[in-house]
Structure formats: structure tokens, C-alpha cells
Amino acid sequence: MRIFLVEDDPVLVDGLMRILGQYKHAMTHESNGLRADEILSTQEFDLVILDMGLPGLDGSEILRRLRYRNNQTPVLILTAHDKVSDRVAGLDLGADDYLTKPFDLTELEARIRALLRRGHSASGANLRIGDLQLDTIGHRATLLGTTLELSSREISVLEILMLRAGRIVSKEQISQQLSSLNEEISNNAIEVYVHRLRKKLEIGHIDIRTLRGLGYLLEKTETI
Ligand code: CA
């Protein structure tokens, strides 16, 4: 994966380049905002990690220009702990996720994996995560090339989770989504469907994690 790191703190840059390089990502780095903007208008990346406070041009302006050019590359913004306004502005401008400094590198790795998966998961009507594929029109899911035996409710729940793979989905979101499809469903029923799906997916290294009080998170358990 091609990752563009826009950050002006040399210590952080050093650590990130080293860590992400280990994952065989092709890393490009720029510390000046204006130059980063130029690079983004001519080169393609799979992910941009963007600091907000930069010399030359602010991260928020770089992001605004990127989205104005209709470039939908996933962007993870890095914000200072006390700058809630930066975070809100960044997400409003189309950032996909954020991390607050100082952050744990394992946390960063997890966010990057989630963003890279999301960026490459959807192609037309097919959703794919690892060896799991879902045809959202034919309502058919295959895992490791074999069709899964799923009820239509299970397919609906799976689709909701796959569309938000790597992110937390609350039970409320699932039930709202289902009721928009005219499928009323109780929280207990959601738990049952998730439990069944988890069982059927585990052979393919796909996990649906339960985050107590928050919801569910579907992810590939192998590292990429
Ligand atoms: Ca900075």
C-alpha cells in the first residue's frame, strides 16, 4: 500500500516511517504543507496520514483542497490533544478517522488497517473482506469460495457490518438500518444473528467482536 505521511515533527516521522515501513508499505513523507498539497495533486496514494499543524499550509486546508478535487483517498488526521476544533473541522472536511497525539503505535496500526480495508472493500455490488464476499444484489455470501447458508436477516446484518468493517456499529444502528428495510428487529434478536454469523465466519479468519456497551466490529483477524 502507498502511504503518504504529512507530518513536521521529526521524532514522530522517524518512528512512523520505521514502523510502517516494516509492514512493507511504500512510504512517502513530506513535512511542508504546500509541498504536500502539490504532491497530492499529482500522485496517487492508498492512504494519507495528515498532521493538522504544518508549516506552509494547514492540514485542514490540504484536506479541503484534496476533497475539492474530488479525491476520495482515505485520510487519517493527527490532531493535538487540546484541539477538539481541529478534529471536528477535519471530520467535517472529509477526514475518515483521526488520532489524538500522543497516540499508541498499535492504535495507529489498527486504524490504518481498518482504513486500508475500507478503501478497497467495495466494488459495485460486491463487498469483500479477506476471503469473505457478499453479493448485495444476489444476497449471497461466500467464504473461502463456499456459499454460506445464511437467512435473509443474517445477510442483512452481515451487509451492515461489512459496510462499516473496521468500525464500531451499535445495535441501534443495526436496528435502524433494518427498520429502513421494513424489518423490525429486537436487540435480543440482533445478538442472536450476530452470534450465528460469528460462528459461520470464524473458519475464514473473520471476527465480529463485541464491544460491551458500544456494539460490534467486523474485522479480518489476520494481519495484512
Ligand atoms: Ca505539527
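Only one of (1) within 16 Å of the ligand (Cβ to nearest atom); (2) open to solvent by less than 60 Å² (accessible area, probe 1.4 Å); (3) part of a helix (DSSP H, G or I) is not met by Ser85, so which one is it?
With (1) within 16 Å of the ligand (Cβ to nearest atom); (2) open to solvent by less than 60 Å² (accessible area, probe 1.4 Å); (3) part of a helix (DSSP H, G or I) applied to Ser85, the lone miss is (2).
Can you spot a residue in region 41-53 that is more than 17 Å from Arg111 (Cα to Cα), surrounded by fewer than 17 Cβ atoms within 10 Å (Cβ to Cβ), of a type in the set (Val, Ile, Thr) and away from the ligand (no atom under 11 Å from the Cβ)?
Yes, region 41-53 has at least one match.
Quickly run through region 143-177 and pick out the residues that are in a helix (DSSP H, G or I) and of a type in the set (A, V, I, L, M). Give the derivation first.
Of the residues in region 143-177, the ones in a helix (DSSP H, G or I) are 152-163, 171-177.
Of everything in region 143-177, those that are in a helix (DSSP H, G or I) and of a type in the set (A, V, I, L, M) turn out to be Ile155, Val157, Leu158, Ile160, Leu161, Met162, Leu163, Ile174.
Does region 1-27 hold any residues that are small (Gly, Ala, Ser) and away from the ligand (no atom under 16 Å from the Cβ), and which are they?
If we filter region 1-27 for residues that are small (Gly, Ala, Ser), which is where we start, we get 15, 21, 26.
Result: Gly21, Ala26.
Scan region 13-24 for residues that are within 21 Å of the chain's Cα centre (by Cα) and either open to solvent by less than 30 Å² (accessible area, probe 1.4 Å) or modelled with pLDDT of 95 or more (or both) and report the count. I'd like the intermediate steps shown before the answer.
Here is the first cut: in region 13-24, the residues within 21 Å of the chain's Cα centre (by Cα) are 16-17, 19-24.
With the extra rule that they be either open to solvent by less than 30 Å² (accessible area, probe 1.4 Å) or modelled with pLDDT of 95 or more (or both), the set shrinks to 16, 20.
Adding up the residues that qualify gives 2.
Which one of these is crowded, with 19+ Cβ neighbours inside 10 Å, in contact (Cβ under 8 Å) with a residue 60 or more places away in the chain, in contact with a helix residue (DSSP H, G or I) (Cβ under 7 Å, 6 or more places away or on another chain) and at negative phi: Leu218, Leu197, Leu201? Quick ask: steps written out before the conclusion?
Details: Leu197 fails: in contact (Cβ under 8 Å) with a residue 60 or more places away in the chain; Leu201 fails: in contact with a helix residue (DSSP H, G or I) (Cβ under 7 Å, 6 or more places away or on another chain).
Only one candidate qualifies: Leu218.
Restricting attention to region 54-69, and to residues there that are open to solvent by less than 10 Å² (accessible area, probe 1.4 Å) and without any contact (Cβ under 8 Å) to a residue 40 or more places away in the chain, which single residue is nearest to the ligand (Cβ to nearest atom)?
Just the residues of region 54-69 that are open to solvent by less than 10 Å² (accessible area, probe 1.4 Å), to begin with: 59, 62-63, 66.
Now drop any that are not without any contact (Cβ under 8 Å) to a residue 40 or more places away in the chain, which leaves 63, 66.
Values: Leu63: 14, Leu66: 18 Å.
Top of the filtered list is Leu63.
One line per residue, one yes/no per condition, for (1) over 21 Å from Leu116 (Cβ atoms); (2) of a type in the set (S, T, N, Q):
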position	(1), (2)
His25	no, no
Gly33	yes, no
Glu38	yes, no
Ser85	yes, yes
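For the subset of region 88-102 comprising residues that are farther than 18 Å from Gly15 by Cα and assigned to a loop (DSSP other than H, G, I, E, B), which member is farthest from the chain's Cα centre (by Cα)?
So, considering only residues that are farther than 18 Å from Gly15 by Cα and assigned to a loop (DSSP other than H, G, I, E, B), the one farthest from the chain's Cα centre (by Cα) is Leu93.
Answer yes or no: is there a residue in region 156-165 that is within 29 Å of Glu107 (Cα to Cα), out of contact with any Ser or Thr (no Cβ under 9 Å at 6 or more places or on another chain) and at pLDDT below 90.
First, the residues of region 156-165 that are within 29 Å of Glu107 (Cα to Cα): 157-165.
With the extra rule that they be out of contact with any Ser or Thr (no Cβ under 9 Å at 6 or more places or on another chain), the set shrinks to 157-158, 160-161, 164.
Then drop every residue that is not at pLDDT below 90, which leaves 160, 164.
Yes, some residue in region 156-165 is within 29 Å of Glu107 (Cα to Cα), out of contact with any Ser or Thr (no Cβ under 9 Å at 6 or more places or on another chain) and at pLDDT below 90.
Suppose the filter is farther than 30 Å from Gly204 by Cβ, of a type in the set (S, T, N, Q) and open to solvent by less than 70 Å² (accessible area, probe 1.4 Å); does Thr100 pass it?
Numbers: farther than 30 Å from Gly204 by Cβ: yes; of a type in the set (S, T, N, Q): yes; open to solvent by less than 70 Å² (accessible area, probe 1.4 Å): yes.
Yes; evaluated as a whole, the condition is true for this residue.
The values are calculated or read from the model by the stated rules, or taken from the named source; none is laboratory data. The structure displayed is predicted, hence computed values, not measured ones. Every residue, glycine as well, gets a Cβ built from its backbone with ideal geometry; the counts of neighbours run over all protein chains shown. We work out accessible area using only protein heavy atoms, side chains counted, and drop any ligands, DNA or RNA first. Shrake-Rupley method; radii C 1.70, N 1.55, O 1.52, S 1.80 Å.
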